[in-house]
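Enquirer: Sending over a structure as structure tokens; questions will come in a sec.
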There are 2 protein chains.
Amino acid sequence: MSANAPSPDCPLCREAGGILVFQAASWRLIRAEDANFPAFYRLIWQDHVAEFSDLGAGQRQACMEAVCAVEQVLREALRPTKVNVASLGNVVPHLHWHVIARFDWDSHFPNPVWGASLRELPEPAERRLPLSLQALDQRMSQRLQAL
Amino acid sequence: MSANAPSPDCPLCREAGGILVFQAASWRLIRAEDANFPAFYRLIWQDHVAEFSDLGAGQRQACMEAVCAVEQVLREALRPTKVNVASLGNVVPHLHWHVIARFDWDSHFPNPVWGASLRELPEPAERRLPLSLQALDQRMSQRLQAL
């Protein structure tokens with residue numbers, strides 16, 4: 001079995017891993033459904049590889065240009081305080097990049113989303129965004145289609 | 001003032017930000033001195049830009065190929081359980097990539113280094129590495145020189 005054959009125990013080989021926003025040949029973009037961080041996307045590499053450096057140079061470039069496009073759409077659409085990008089995979093070692101719009105008002109800012117919560121919001125975070133998540137997904141899809 | 005002129009209030013414009021391991025024209029690699037995560041490097045972009053997407057396409061590629069090289073050295077030298085890569089910058093919005101070797105025995109694994117600690121080690125984590133941090137720094141420097 002090749003190192004990147006689907007792994008039966010891997011949730012990202014078995015399922016989309018969130019709301020599927022865009023499917024490319026080598027990767028997909030999903031939106032995580034996180035009430036605290038509504039503009040939270042994940043670019044998931046299609047093959048079951050653990051590390052960024054398991055990709056070839058051309059794959060790495062394609063991967064990060066797609067991550068960058070997701071970041072650009074977040075910036076243009078939401079004007080976030082910061083964008084957080086991370087490939088961790090300690091629990092699910094199947095390459096995926098978190099791309100998260102962060103706001104100075106969000107529950108954890110400036111802590112990472114994996115850190116301690118610092119405040120509670122009086123309303124769902126999603127309501128503070130200037131457009132709906134459906135509209136944001138659509139912009140993502142359009143932008144990624146054009147890559 | 002251009003958007004990427006040094007910012008007087010930015011610690012990563014003023015100081016190295018850790019032990020300087022390698023200085024390239026557009027970025028530098030430092031080792032963070034973190035007792036829990038001794039093999040913790042940061043690739044810091046030289047110009048004061050906040051986001052990955054503030055770089056041009058060629059800069060992004062050079063940046064991530066350097067990040068990848070750091071990851072490769074960590075994998076070859078340490079055989080970590082996982083490598084974690086992240087660009088957050090919520091506190092210091094000057095582009096830097098954390099590249100961290102993680103081990104199933106480390107204080108936080110599988111939590112992110114920014115999450116909750118799960119165990120205390122009976123000895124300094126550095127002693128569990130198969131080579132000294134000085135030797136690791138040297139391998140990093142040699143590898144990055146060859147890029």
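Enquirer: So the label point sits 7 Å from Cα along the Cα-to-Cβ vector; using that for A:PRO130, what distances do you get to the other copies, in nanometres, sorted shortest first?
Expert: Those label-point separations list as 5.1 nm.
Enquirer: Note the angle between two axes, namely the Cα long axis of helix A:57-78 and the longest principal axis of the Cα atoms of chain A, as a number of degrees from 0 to 90, rounded to the nearest 10.
Expert: 20 degrees
Enquirer: Distances from A:SER7 to the same position in the other copies: list them in nm, one decimal, shortest first, using label points 7 Å from Cα along Cα→Cβ.
Expert: 3.8
Enquirer: What are the ³J(HN,Hα) values, in whole Hz, obtained from phi via the Karplus relation 6.51 cos²θ - 1.76 cosθ + 1.60 with θ = phi - 60°, for each residue of region B:133-143 in sequence order, with x given for Gly and Pro?
Expert: 5, 5, 5, 5, 4, 5, 4, 4, 4, 4, 5
Enquirer: Counting only the backbone N, which residues of region B:77-111 are under 17 Å from the spot 7 Å out from the Cα of B:ALA135 toward its beta-carbon?
Expert: Counting backbone N atoms under 17 Å from the label point, the list is B:77-80.
Enquirer: With the Cα gyration tensor of region B:45-147 in hand, give its eigenvalues times 5 under a square root as the equivalent ellipsoid semi-axes, listed largest first in whole angstrom.
Expert: Values for region B:45-147, descending: 26, 19, 11 Å.
Enquirer: Express the Stokes-Einstein translational diffusion coefficient of the protein assembly as shown in µm² s⁻¹, to the nearest whole number, given a Kirkwood radius over alpha-carbon pairs, 10 °C and a viscosity of 1.306 mPa s.
Expert: Rounded, D is 80 µm²/s.
Enquirer: Select from region A:1-66 those GluC sites (Glu not before Pro) which occupy a DSSP coil region and have at most 16 other Cβ atoms within 10 Å, ordered by residue number.
Expert: When the GluC sites (Glu not before Pro) of region A:1-66 are filtered for loop state and at most 16 Cβ neighbours within 10 Å, A:GLU15, A:GLU33 remain.
Enquirer: Which chain B residue comes nearest the axis with its C-beta when you rotate B onto A, and by how many angstrom?
Expert: Taking the axis that maps B onto A, the answer comes out as B:ALA86, 2.
Enquirer: Give me Rg/Rg_expected for region B:66-117, where Rg uses Cα atoms only and Rg_expected = 2.2 N^0.38 Å with N residues.
Expert: That ratio works out to 1.20.
Enquirer: Another one. Most mobile of B:ARG128, B:ARG14, B:ARG31 per a Gaussian network model of chain B (Cα springs, under 10 Å)?
Expert: Fluctuation is largest for B:ARG14.
Enquirer: Would you tell me the mean number of C-beta atoms belonging to other protein chains that fall within 10 Å of each C-beta in A:87-97, as a whole number?
Expert: The mean count of partner-chain Cβ atoms within 10 Å per residue comes to 5.
Enquirer: Using packing as a proxy for protection, rank B:135-142, A:81-88 so that the peptide with the highest average count of other Cβ atoms within 10 Å comes first.
Expert: Peptide ranking by packing, descending: A:81-88, B:135-142.
Enquirer: Put a label point 7 Å from Cα along the Cβ direction on B:ASP104, then list its distances to the equivalent points in the other copies in nm, shortest first.
Expert: Shortest to longest, the spacings are 4.4 nm.
Coordinate-derived values only; no laboratory data. What you see is a predicted model, and the numbers here were worked out from it, not measured in a lab. Note: ideal-geometry Cβ built from the backbone for every residue, glycine included; neighbour counts use all protein chains shown.
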